1. Work from the charge dipole of the stretch 42-101 (Cβ charges, +1 for Lys and Arg, -1 for Asp and Glu, about the Cα centre) and give the residue of Pro64, His81, Val54 farthest towards its positive end.
2. What is the packing order of peptides 208-216, 115-123, taking the mean over residues of other C-beta atoms within 10 Å and listing the highest first?
3. Can you tell me the relative contact order of the stretch 1-142? Whole percent, Cα pairs under 8 Å, sequence separation 6 or more.
4. For every helix of n ≥ 4 consecutive DSSP H residues, a contribution of -39,500 (n - 2.57) applies; sum these over the chain, divide by its total residues, and give [θ] at 222 nm rounded to the nearest 500 deg cm²/dmol.
5. Normalised by the number of residues in the chain, what is the relative contact order in percent for Cα pairs under 8 Å and 6+ residues apart?
6. Of all the C-alpha pairs in the stretch 114-190, what % are more than 22 Å from each other?
7. Could you provide, to the nearest whole Å², the per residue accessible area of the stretch 122-244 with probe 1.4 Å?
8. Quick check: convex hull of the Cα atoms in the stretch 221-260, volume per residue, rounded to a whole Å³?
Amino acid sequence: MHYDVFNGDADGLCALHQLRLARPMPEARRITGVKRDSLLLARIEGLQDGSITVLDISLDRNRPFLQRLLEQRNEVLYIDHHFAGDIPASRFLTVHIDPHPETCTSLLVNNLLQGQFAAWAVCGAFGDNLHDPARRLASTCSLSEQQILQLQEIGELLNYNSYGETIEDLHFSPLLLAAELAQFIDPLHFFAASDILSSLRRGYQEDMDFALTRKEHGPSGKNRVYFFPDTAWARRVSGVFANRKAREKVDAAHALITENIDGSWRVSVRAPLSDSRDADTLCRRFPTGGGRAGAAGINNLPAEMLEGFLAAFHSIYR
């Protein structure tokens, strides 16, 4: 029995798609979820003597489940770019983990495959707001500027679809998107032919129109903070809105804080693009926090910790 376990965002989807184009496994079972659903290995902790590919989810968050799976003699290939912490020593575990802020899981898979499906890695990198690495790779693919922009839109729309508290918040489930991508070897053919992409484009524009009416919180300064309401559109657009604001003001850090139904806060942090550091370090100070150096988040920040978070945010990014 083989399982593919992957993040439901653009990076996870494009990493998986590259890998399965190169190494088909039609009988593999797939485990995924919304972008913030990172405890995915917990869903298969009873597996024994199987094999698992893990893409774009935090080893640090999944360590106890991973350890148990390794003890049950499951062979695990783990490819990721988030903070990992201590990596278990096991003959059953193969890791390709690089937390450098200028890489992502799609780019790591591209390196392993020696550029075999590089255009999909470009999509994944654009989706993770890594525009410079995406363009550097695109420059090796004999693409026109129009084609590069099409790959950028694919990545950004796939990433937009991954944000939500539950699958019901999303336009399409990541499992459905993975099945859709599997029909296309070339992402430019996907761009031209997919009705799903057209639907995501319409949803993205509607949600972004709502988001752009939100004003910056507090007095203007180096960094920017935005508060969003507890609505499906706000949850869906939060990541791409934060990425857009980060590109507008590359020397500023950004925090997007969305109200949860239980009174806690969901936080997205973007480090300055000119100094991509410490977003993960900041968010791991708080319960349910994690991520990577350039972009991180907190799923459920207790209301009483909000002021402490804002103080720490502005302190780290003075």
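The values are calculated or read from the model by the stated rules, or taken from the named source; none is laboratory data. Please read these numbers as outputs of a predicted model, since none were measured by experiment. Quick reminder, even Gly has a Cβ in these numbers, built from the backbone with ideal geometry, and neighbours come from all protein chains shown. Just so you know, the surface numbers come from the protein's heavy atoms only, side chains and all, with ligands and any DNA or RNA stripped out. Shrake-Rupley method; radii C 1.70, N 1.55, O 1.52, S 1.80 Å.
1. In the stretch 42-101, that residue is Pro64.
2. 115-123, 208-216
3. 26 percent
4. Value at 222 nm, helices only: -12500 deg cm²/dmol.
5. Computed value for the chain: 14 percent relative contact order.
6. Value for the stretch 114-190 (Cα pairs over 22 Å): 23 percent.
7. 44 Å²
8. In the stretch 221-260, the Cα convex hull volume per residue is 54 Å³.
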